[in-house]
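Written below as structure tokens is the structure these notes are about.
The values are calculated or read from the model by the stated rules, or taken from the named source; none is laboratory data. Keep in mind that this is a model prediction, so the values were computed, not measured. Note that we place each Cβ from the backbone using ideal geometry, even for glycine, and neighbour counts take in every protein chain shown.
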Amino acid sequence: MTRQIAHHLPDAMLRGYCAGTLPEAFDLVVASHISLCDECRARMHAFDAVGGALLDQADEAELSEDSLAATFRLIEGIDVEKAKAEETPPPATSGVLPAPLRSYVGGDLDAVSWKRVGGGVSQAILPVEGDASVRLLRIPGGVEVPDHSHSGSEMTLVLAGAFSDAAGRFGPGDVEMADDDVTHTPIAEPGEDCICLAATEAPLRFSGLLPRLAQKVMRI
Amino acid sequence: MISAEQTRPPAWIAEMKAIRDLRDQAAFASLFEYFAPRVKAYLIKSGSAPDMAEEVTQDVMATVWRKAEQFDPARASVSTWVYTIARNRRIDIVRRNRRPEPEDLPWGPEAEPAQDEELALQQDAERLSEALQALPEKQRVLVERAYFGELTHSQIAEETGLPLGTIKSRIRLALDRLRHEMREETG
């Protein structure tokens with residue numbers, strides 16, 4: 001992949017993904033970024049390896065008496081074809097959405113059911129469990145996203161187009177982390193629509209009355 | 001000069017290949033004897049009831065057998081691979097959706113991974129284990145909790161009575177130390 005990625009996953013997010021402690025919404029953004037970024041893929045392997053090293057040094061719990069025999073019985077009962085279909089990692093494709101995201105959307109970008117949220121901006125909330133939410137955003141070129149601050153961290157991955165805010169320019173593959181104390185105003189670059197995937201730890205708070213009303217309607 | 005360290009074969013690779021190529025039950029039994037109690041301990045530490053942990057451990061080990069052909073020694077040590085299977089199973093039990101996985105890298109023209117790549121990766125994994133063991137107890141415990149305890153930063157603080165900021169910086173310090181030792185070892 002030849003894209004230039006300038007903003008990578010922070011260590012804490014990558015470690016949380018590898019430790020299996022992130023909410024599903026953030027897992028999805030991390031897996032989508034790694035699909036586009038070889039550097040973070042290599043870092044993921046390193047954090048996985050810490051898990052492996054810890055397993056080596058773990059205590060040994062006592063197994064039930066027929067544990068091994070029960071496992072062999074499980075192995076005999078496996079439907080090999082079904083198991084294969086379930087466990088093969090998604091293959092790479094050439095669409096806009098990386099494979100892990102496509103399985104949530106049910107296809108590539110043309111399968112997304114967008115809902116208008118005002119100012120030309122559209123979004124699609126994806127179904128996940130846990131304390132965080134995740135949504136796709138489509139911001140027309142040149143458009144500004146309303147001023148907002150967070151009551152939790154927000155992680156945004158750019159999939160197409162680009163936006164800029166006080167922290168810099170974010171193009172395809174780039175990830176921006178915004179902490180709860182940041183109020184920022186991202187502006188999409190003129191030209192093609194900016195498509196982003198954003199996970200939010202807790203509901204967003206918009207500054208100003210109208211945006212706050214909009215927030216109720218938008219569920220963001 | 002070749003040290004004993006360098007000539008020792010990487011752990012469990014031979015057994016994995018015997019399982020993959022020969023469906024060797026004896027090789028699986030020794031792999032099971034080593035990993036199953038550790039996987040079960042990991043699941044219990046992560047909050048699983050012992051009965052549930054036993055069931056899931058058997059399931060994880062059956063998956064090790066079933067997915068043996070997907071094991072790639074140029075990408076991961078056997079311990080790391082087993083860890084990722086156990087972690088994913090733990091997540092899949094509590095969620096409706098499977099854990100989001102990155103898309104697979106397209107295979108290059110050379111299907112067979114180079115032997116030296118495989119060896120280099122396996123040695124890195126062993127160095128990482130040694131570096132982890134060499135960490136001061138306090139730091140090692142924090143790294144372990146971050147992976148095994150399913151504790152958030154604030155939960156770790158509750159358990160140890162340490163304020164959040166200290167916890168965050170200690171985990172960071174632990175990882176920095178790890179990275180530093182890795183660099184010294186490889187440099």
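Taking the criterion of being outside any loop (DSSP other than H, G, I, E, B), more than 7 Å from chain B (Cβ to nearest Cβ) and either of a type in the set (A, V, I, L, M) or more than 16 Å from the chain's Cα centre (by Cα) (or both), the residues of the range A:11-37 that qualify are A:Ala12, A:Met13, A:Leu14, A:Ala25, A:Val29, A:Val30, A:Leu36.
Within the range B:60-75, residues that are facing another protein chain (nearest Cβ under 9 Å) have Cβ atoms under 8 Å from residues that are part of a loop (DSSP other than H, G, I, E, B) and of a type outside the set (Lys, Arg) in these pairs: B:Ala62/A:Ile78; B:Arg66/A:Ile78, counting only partners at least 6 apart in sequence or on another chain. For the range B:37-59, filtering for residues that are crowded, with 18+ Cβ neighbours inside 10 Å and part of a loop (DSSP other than H, G, I, E, B) leaves 2.
Put simply, of B:Ala36, B:Ala27, B:Ala53 the only residue that is at pLDDT 95 or above, facing another protein chain (nearest Cβ under 8 Å), out of contact with any strand residue (DSSP E or B) (no Cβ under 6 Å at 6 or more places or on another chain) and over 15 Å from B:Thr80 (Cα atoms) is B:Ala53.
If the requirement is being within 14 Å of chain B (Cβ to nearest Cβ), basic (Lys, Arg) and farther than 16 Å from A:Ala199 by Cβ, which of these qualifies: A:Arg116, A:Arg169, A:Arg102?
Within the list A:Arg116, A:Arg169, A:Arg102, the selection yields A:Arg102.
Per the listing A:Leu22, A:Leu68, A:Leu54, A:Leu74, the residue uniquely of a type in the set (A, V, I, L, M, F, W, C) and within 18 Å of A:Ala198 (Cβ to Cβ) is A:Leu22.
Does at least one position in the range B:60-69 carry a residue that is in a loop (DSSP other than H, G, I, E, B) and within 24 Å of A:Glu60 (Cα to Cα)? Yes, the range B:60-69 contains a residue that is in a loop (DSSP other than H, G, I, E, B) and within 24 Å of A:Glu60 (Cα to Cα).
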